[in-house]
Amino acid sequence: MSDNNVRYLLGNNAIALAINECNTDVVAGYPGTPSSEIIEYLARMKPKGHVEWSVNEKVAMEVAIGASWTGGRSVATMKHVGLNVASDPFMTLAYTGVKGGMLVISADDPGCHSSQNEQDSRRYAAFAQVPCLDPATPQEAYDMIAFAFEFSEMFETPVVFRPTTRICHGKSDIKLQTSAPTEHEIGFEKVPQRWVMLPAHARVRHQVLIDKQEEMAAALETSQWNRLEMVEGARLGIIASGVASVYSKEAINRLGVKASYLKIGAYPAPTGLIRELAGSVEKILVIEELEPVVEEIVRTITSGMEVEIHGKDVIPRYGELDLGTVELAVAGAAGLDYTGYTAPGTDIELPNRPPVMCPGCPHRGSYYAMKKAFGKDAIFPGDIGCYTLGVQMGTMDTCLCMGASITVSAGIYHAGETKPICCSIGDSTFLHTGIPGLLNAVYNSADITVTILDNRTTAMTGHQPNPSTGLTVLGDATFMVSLEDISRACGVELVLTTDPFDIATTIDTFKQAKEHKGTSVVISKQECIITARRRGIKLTPFCVDRDECRGCKACIKFGCPAIEFDPPEAEGEKGHSRIGNLCVGCGVCAQVCPFNAISEVET
Amino acid sequence: MTEFDLVIVGVGGQGAILASDIVGKAAVNAGMPVMAAETHGMAQRGGSVENHVRLDCRYGSLIPRGRADAVLALEPAEALRAVDYLSPDGVIVVNTNPLLPITVLSGSADYPAVDDMLLELQGRCKRLVAVDADSLAVQAGHPLTTNVVMIGAVSSFLPLDVQSLEDSISSLVPPKTVDVNLAAFRLGRKAADTTD
């Protein structure tokens, strides 16, 4: 029967609810899949505390640290690679410790569903000597938040909370708790030994950090997030962590394997429970996604014991796990004759369906004009956002991390590459980590063109506002920063702004920038078509005049999903392009057509 | 026994997430535990979208290959792409209207004949339900209700009663569109019941 306290929620929504219920004073983050919805849901709840989209993860981390040092509860939230950006304050935060409870949410993406790598945040937690919670289900993610705040306050330590894509973007029935409201006294206390990391203070704090490890580990060991289920007479022990623990439990039950089972959800890993399990079995299989964090500890603990250890020899160290993979490993360890499922396969070849830039996406016009002006042999370093899909248009030659387009361009130039170099970076990414790269390019005389693809939003992660949008996360108006002014302040002499829906002017603009000696900036400015349409902007769609169309496919090569090609009906004919109902009326294809065969639909 | 593993596939923009939400929320309203996995991010960008919904489940949300009780496909090529998830005893409910990917539009790949794909799907399941959901959506009152037509088409296979599903639809779609969406659901359910 339905229960009023049970709701069907996205993992990130459940996490946001828990943060709100914990009376959190400050939440700061930068959007990144799969973490973005945490702040979005939180903002919709109109919380009592402060919520912000920060300009990058380092900034978010430091804002949250300031709040914690002032006695408030705080959260810094980001995707796993965001923690790289925020790692500088994070590593030293471990020394200073916290005052108000502080969580560092670093959402991992095993399988690289929407990321440039699949690093394991548990490694960061261990590196910094900070506890880490690794939820197995969305429900556990919800339940862990309140515990994490209390633990953080008890041990004056930040806590890393590491949900993965399957938790963040999983949905399930979530049983909500009613928690007693907590009070935190706000007020910054001047304690230089804690908050001023001069070498003399840092040496002391490092020792404090090391000294509290044992006590923290002991408290986590017996927490509800670790669970040992001993089975009388079992010769096999299975240890599984995070989301892998539910796959493992299901595999054990389905296969009917007799095994003792240790589920781990908190780190440092519980050495006492591991030792207890290891002492009772002949063989241990460690099942965890990505890095062998638990396995390494198990091997250390069991050295000298007569127990056989398996882990990354049978479970991949890369990619996302699922029940099928885990079942095979469990069956193998149990000595079962089980081969899993082999799909019969098909002879029909399916066309790939890669994600594409939307019909009416301004980036398509920008890239078309860029390629026309610079030539296809130019070097086009790129960055992270929707526009990374420019790889399909031949205008994305590199993509490494946030902000790297400008700096990699400079490196390519300084290495002696003589071809023209034109990179692209989105407005949000430019504000995130692009500015220092631009300043550096000017300072060190890199002869490159930097294109800021300014679509007025952080589109890829779901249209979050940024400082150039002029809105806060709550939708309130705020200062709207000028990308032109920032570029000029960095010392760029040639700063040009163009509308990518106007192809001829945009080509001319890129040509001017190409001719310029030194660092130039082209701001290709046109609102993201999705946010524009949500605001109610509707343009007249376009159509092809079949009598004028020569079937040259210039519009097809432009790559807009709204344009289809009808093959010739008879021999000797060339066929015709046709614009379908996906057209939103940007009108760029009409400018691309060499025969003026495309025009607005007459109304 | 109400355990049921459902894979829902389609193309970004077709409303696959709403489709899985309808099922998931109906289950929760009926007091049934449910675990679902969603594809985010590519939803507005025309890529393949794959959601897993596991009813009466307390484990992980991912359905292993060969184990799904049903594959619900909002597009025929996506049905074939996802068919490895299906158990040999499973059901495929497929919308017969193709959406051509950019690789086909640009001439770098061919789109297989729909009849060939349906024949292939037929050989991979216990029951194939092929529905012209686009036409039924128009008949219901709006072309964007294709996803709800398809939920109707798969509904009689789910361990959920009609009322829970209809309540779930009413609570999830915009208030002004409730009637159109309920009409879409019923047309889909009827179409599946009359398909061999």
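Between the range A:515-579 and the range A:179-218, what is the separation of their alpha carbon centroids in Å?
58
How large is the helix-only mean residue ellipticity at 222 nm for chain B, computed as the sum of -39500 (n - 2.57) over DSSP H runs with n ≥ 4, divided by its residue count, in deg cm²/dmol to the nearest 500?
About -12000 deg cm²/dmol.
How big is the Kirkwood radius of the range A:116-174, worked out from every pair of different alpha carbons and given in Å to one decimal?
By the Kirkwood definition, the hydrodynamic radius is 12.3 Å.
Compute, for the range B:126-196, the length of the dipole vector about the Cα centre, with Cβ point charges of +1 (Lys, Arg) and -1 (Asp, Glu) only. Units Debye, rounded to 20.
For the range B:126-196, the charge dipole is close to 80 debye.
Where Lys and Arg each count +1 and Asp and Glu each count -1, what net charge lies around B:Asp179 among other residues with Cβ under 15 Å from its Cβ?
After counting each charged neighbour, the total is 0.
Please work out the C-alpha center-to-center distance from the range A:387-458 to the range B:6-31 and express it in whole Å.
First find each Cα centre; the distance between them is then 40 Å.
Can you figure out the FRET efficiency of A:Thr398 with A:Lys175, using R₀ = 35 Å and their beta-carbon distance, to the nearest 0.05?
0.15
How compact and how long is the range B:85-196, expressed as Rg and Dmax of its alpha-carbon atoms in Å?
Rg and Dmax of the range B:85-196, Cα atoms, are 15.4, 46 Å.
Taking N as the number of residues in the protein assembly as shown, what is its Cα Rg relative to 2.2 N^0.38 Å?
Numbers: Rg = 27.8 Å, N = 799, 2.2 N^0.38 = 27.9 Å.
Working it through for the protein assembly as shown, the quotient is 1.00.
With a cut-off of 8 Å between alpha carbons and a minimum separation of six or more residues, what is the relative contact order of chain B in percent? Spell out each step's value before the answer.
Numbers: 422 pairs, mean separation 41.8, N = 196.
Dividing the mean separation by the residue count of chain B yields 21 percent.
Could you work out the mean count of beta carbons from other protein chains within 10 Å of each residue's beta carbon in B:29-40?
If you average over the peptide's residues, the count of other-chain Cβ atoms is 6.
Which of A:Lys376/A:Lys553; A:Lys371/A:Lys517; A:Lys79/A:Lys283; A:Lys171/B:Lys190; A:Lys46/A:Lys175; A:Lys171/A:Lys263 have a Cα-Cα distance over 27 Å?
A:Lys79/A:Lys283; A:Lys171/B:Lys190
Between A:His516 and B:Asn97, what FRET efficiency comes out of the Förster formula 1/(1 + (r/R0)^6) with R0 = 56 Å and r the beta carbon distance, rounded to 0.05? Each step should come with its number before you reach the end.
Details: r = 51 Å, r/R0 = 0.90.
Computed FRET efficiency for B:Asn97 and A:His516 comes out at 0.65.
Using only atoms on other chains, find how many Cβ atoms lie within 10 Å of each Cβ of peptide B:50-62 and report the average.
What the average comes to for B:50-62 is 5.
Once the dipole of chain A is set up with Lys and Arg at +1 and Asp and Glu at -1 on Cβ about the Cα centre, which of A:Asn117, A:Thr429, A:Val314 lies farthest towards its positive end?
A:Thr429
Sort the following peptides by mean Cβ neighbour count (other Cβ atoms within 10 Å, averaged over residues), highest first: B:59-65, B:113-119.
Top of the packing list down: B:59-65, B:113-119.
What number, in percent, do you get for the relative contact order of chain A if the mean sequence gap of Cα pairs under 8 Å and at least 6 apart is divided by its residue count?
Numbers: 1266 pairs, mean separation 60.0, N = 603.
Here the relative contact order equals 10 percent.
Among A:Ala333, A:Thr461, A:Ile503, whose Cα projects farthest towards the positive end of the dipole of chain A, with charges put on the beta-carbon of Lys, Arg (+1) and Asp, Glu (-1)?
Positive-end residue among those listed: A:Ile503.
Evaluate the charge dipole of the range A:444-603 about its Cα centre and quote only its size in Debye, nearest 20, assuming +1 on the Cβ of each Lys and Arg and -1 on the Cβ of each Asp and Glu.
380
Let's test the formula: R0 of 60 Å, r as the Cβ-Cβ distance of A:Thr505 and B:Asp116. What FRET efficiency results, to the nearest 0.05?
0.80
Please give the average number of partner chain Cβ atoms lying within 10 Å of the Cβ of each residue in A:314-324, rounded to a whole number. It would help to have the intermediate numbers written out before the result.
Working: counts 0, 0, 0, 0, 0, 0, 1, 2, 8, 8, 6.
Averaged over the peptide's residues, the number is 2.
As a test, work out the antiparallel percent of DSSP beta bridges whose residues both lie in the protein assembly as shown, rounded to the nearest 5. If you can, show how the numbers build up before the last one.
On the way: 34 of 100 bridges.
Restricted to the protein assembly as shown, the bridges split so that about 35 percent are antiparallel.
If you stretched the chain out fully between A:Gln116 and A:Thr222, how much longer would it get, using 0.36 nm times the residue separation minus the C-alpha to C-alpha distance?
34.5 nm
Straight-line reach from A:Lys312: which aspartates and glutamates have a Cα under 14 Å away, not including same-chain ones fewer than 8 places off?
Here the aspartates and glutamates satisfying the reach criterion relative to A:Lys312 are A:Glu288, A:Glu289, A:Glu291, A:Glu295, A:Glu296, A:Glu320.
Counting only other residues whose beta carbon sits under 9 Å from that of B:Val94, what net charge do I get with K and R as +1, D and E as -1?
Residues close to B:Val94 contribute a combined charge of -2.
Return the Cα extents of the range A:192-313 along principal axes one, two and three, sorted largest first, each rounded to a whole Å.
59, 30, 26
Can you tell me the order of A:432-441, A:235-244, A:155-164 when each peptide is scored by its average per-residue count of other Cβ atoms within 10 angstrom, highest first?
Top of the packing list down: A:235-244, A:155-164, A:432-441.
Restricting to the range B:1-91, compute how many DSSP beta bridges are antiparallel as a %, nearest 5. Can you show the working numbers first?
Working: 12 of 18 bridges.
Percent antiparallel among DSSP bridges in the range B:1-91 is about 65.
Just to be sure I understand the model, the point goes 7 Å from the Cα along the line to the Cβ. What's the resulting A:Glu569 to A:Asn4 distance in nm?
Here the answer is 6.6 nm between the modelled labels.
Below 8 Å between Cα atoms, with a sequence gap of 6+, how large is the relative contact order for the range B:126-196 in percent?
Value for the range B:126-196: 47 percent.
Over the Cα atoms of the range A:437-491, compute the convex hull volume and normalise it per residue, giving Å³.
88
Assuming 0.36 nm per residue, please report the length gained on full extension of the stretch A:Leu198 to A:Tyr341 beyond their Cα-Cα distance.
Working: separation 143, 0.36 × 143 = 51.48 nm, distance 5.95 nm.
Full extension from A:Leu198 to A:Tyr341 adds 45.5 nm.
Place the peptides B:12-25, B:145-158 in order of packing, highest mean first, counting for every residue the other Cβ atoms within 10 Å and averaging per peptide.
Most protected by this proxy first, the peptides run B:145-158, B:12-25.
Is there a quick way to get the dipole size of the protein assembly as shown? I mean about its Cα centre, with the Cβ of Lys and Arg at +1 and of Asp and Glu at -1; what is the value in debye to the nearest 20?
Computed charge dipole of the protein assembly as shown: roughly 1100 debye.
Could you tell me which residue out of A:Ala251, B:Thr145, A:Ala378 lies farthest along the dipole of the protein assembly as shown toward its positive end? Charges go on the beta carbon: Lys and Arg +1, Asp and Glu -1, centred on the Cα centre.
Positive-most Cα among the choices belongs to A:Ala378.
Debye sum, Cα scatterers, chain B, no solvent: what log₁₀ I/I(0) at q = 0.10, 0.14 1/Å?
The computed values of log10 I(q)/I(0) come out as -0.36, -0.73.
Rounded to the nearest 500, what is chain A's calculated 222 nm mean residue ellipticity when only DSSP H runs of at least 4 contribute -39500 (n - 2.57) each, over all residues?
Only helices count here, giving -10000 deg cm²/dmol.
How are the Cα pair distances of the range A:308-406 distributed, in percent, across 10 Å bins from 0?
12, 25, 18, 20, 18, 6, 1
Where a number appears in this text, it was derived from the coordinates with a stated rule and is not lab data. The model shown is predicted, which means the values in this text are computed figures rather than measured ones. With ideal geometry, Cβ positions are generated from the backbone for all residues, glycine too; neighbour counts draw on all protein chains shown.
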